[in-house]
């Protein structure tokens, strides 16, 4: 049961705010006595939880695919250009070392 607003490239901030709203609604229901909670409210809360859970699963799967693709691309690039990769890594190490050295001498 997919939500019509559902998109694979969901903004993480929007997803987080929706999760927070879900937690607030759940806390309200817990605060009320069991007799006051109607079946409709429980169904709405379950439905929102299922939608958020499904979207979070989709975001996780898409992120996992992107990380794996990035790792494969990086591996291929390093294997195709080993000397350039080594030079870039050494240059970055030098720059980071210089920055950390400056920061340590200011203390």
Within region 40-65, track down each residue that is in contact with a helix residue (DSSP H, G or I) (Cβ under 9 Å, 6 or more places away or on another chain) and touching a residue at least 40 places away in the same chain (Cβ under 8 Å). 51, 55, 56, 59
Which condition number in (1) exposed (fewer than 12 other Cβ atoms within 10 Å of the Cβ); (2) at pLDDT below 75 is the one that residue 41 fails? (1)
Note: among 72, 64, just one is within 21 Å of residue 15 (Cβ to Cβ) and part of a helix (DSSP H, G or I), namely 64
Taking the conditions exactly as written (modelled with pLDDT of 55 or more, within 21 Å of the chain's Cα centre (by Cα) and part of a loop (DSSP other than H, G, I, E, B)), does residue 10 satisfy them or not? yes
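The values are calculated or read from the model by the stated rules, or taken from the named source; none is laboratory data. No experiment lies behind these values; they were computed from the predicted model shown. Neighbour counts are summed over all protein chains in view; Cβ atoms, including those assigned to glycine, are modelled from backbone coordinates with ideal geometry.
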